[in-house]
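Scroll down for the structure; my scribbles are underneath it.
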Amino acid sequence: MTAGLQRVTLIVGLGLVAVFVFVAIFAPLIAPYGLAQNSSDGVAFVAQQPPSGQHWFGTSVRSEDVLSRVIFGARTALLVIAISLLMSLVVGVPLGLVSGYIGRALDRVLVLFMDAIYAFPTLLLAIVVSIVVAGGQSSSFGGVLSASVAITAIYVPQYFRVVRNATVAVKNEPYVDAARVTGASTTRIMFRHILANVTQSLPVIVTLNAGDAILTLAALGFLGFGIEPTQAAEWGYDLNKALSDVSNGIWWTGIFPGTAIVLVVLGLTLVGESLNEVLNPLLRTRRAVSPATVVGDGASAGVDGLEKNTPATELTVAELELLEGDSAVDKDGSAGEGVSQ
């Protein structure tokens, strides 16, 4: 379903995401040292050592291996993304269905509440939620959970609004009315008949939000509201500790965590944009009409080149104009039948 630059973009994005997931899953096997290890065989690592054969990405100000921190940071990022997006879908999608289908006072209250959350600056909201949820916990699970809940609070209103608006648009469709006539319950109608028809755009939104979640997690860590560094590696925290190194010409402590963030966000964004072009019929790459067809023996020459069973949604604007022009010339409506089929 893709071609040209769109296919290249999708392949590059999938490749970056695949590398990210692979590194995150097998981090303990790939990393040469532990995430907070600063010595080996009783010998302490030299702080801020440049890249070498022993430390490919050098060492940090805390004498930790930068490569190991970057690899374990991928695992932390994947956990936070998976948990936060899953919770956002579990909360936002059912609320959007209920609000859009039932309507009335419940719909007004939920819309008002979600709009109030959506009005907050995203990073500020994430910081407040992270402080409330963390409760002073410094464990690995507590830090990951607090970061995940903080990001979830940002994305729930987005999924709610998308699903709610789509539900309002389809709840009076004939297939929904038929389900009501047959005596189907409200829950069955919402989750059996409507849900599958209002979630087509969610894969695209999830992919794009995953990249944004990486940036939010890095921002939390950079500002000191992330995860305890001895419990889990986090790219944003490592960037914060590398700020003072820049003025001293120590580039490796900041360039590698920053590059990891850029590559992961780039891969997720490329996949999301490519999926949007594939799944959205308005953006999908369409067949172009050849110049010979346009300047041929009238409109009928262009219409004869079209397949009679081609859906109207798959035709280009030029092809539809050819069909409309031929319908005006040919009064028997044969071209119109070709489109309707």
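Classify the range 57-202: rounded, prolate or oblate, from the alpha-carbon gyration tensor (a ≥ b ≥ c, eigenvalue square roots; a/c under 1.5 rounded; otherwise prolate if a/b is larger than b/c)? It comes out prolate by the Cα gyration axes.
Close amide H partners of residue 59, meaning residues 5 or more places away or on another chain with modelled amide H under 5 Å apart, are 48, 49, 66. State whether the range 208-272 is rounded, prolate or oblate according to the following rule on the C-alpha gyration tensor (a ≥ b ≥ c being the square roots of its eigenvalues): a/c under 1.5 gives rounded; otherwise a/b larger than b/c gives prolate, and the remaining case gives oblate. The shape class here is oblate.
Rounded to the nearest 0.05, the FRET efficiency derived from the C-beta distance between residue 266 and residue 228 at R0 = 25 Å is 0.35. Which listed residue (187, 198, 216) has the Cα farthest towards the positive end of the charge dipole for the range 136-233, taking +1 on Lys and Arg C-beta and -1 on Asp and Glu C-beta about the Cα centre? Farthest towards the positive pole: 187. Between residue 104 and residue 215, the FRET efficiency from the beta-carbon distance, with R0 = 41 Å, is close to 0.60. With a simple spin-label model that places each label point 7 Å from the Cα along the Cα-to-Cβ direction, the separation between residue 245 and residue 124 comes to 3.3 nm. So, in nm, how far is label residue 46 from label residue 113 when the simple model puts each one 7 Å beyond its Cα toward the Cβ? Those two pseudo-labels are separated by 5.9 nm. Model label sites at residue 26 and residue 173, defined 7 Å from Cα along the beta-carbon direction, differ in position by 4.3 nm.
For the pair residue 132 and residue 181, a Förster radius of 30 Å applied to the C-beta separation gives a FRET efficiency near 0.05, rounded to the nearest 0.05.
The numbers here are math on the coordinates, done by the rules we state, and not lab data. The model shown is predicted, which means the values in this text are computed figures rather than measured ones. We place every Cβ from the backbone using ideal geometry, glycine too, and count neighbours over all the protein chains shown.
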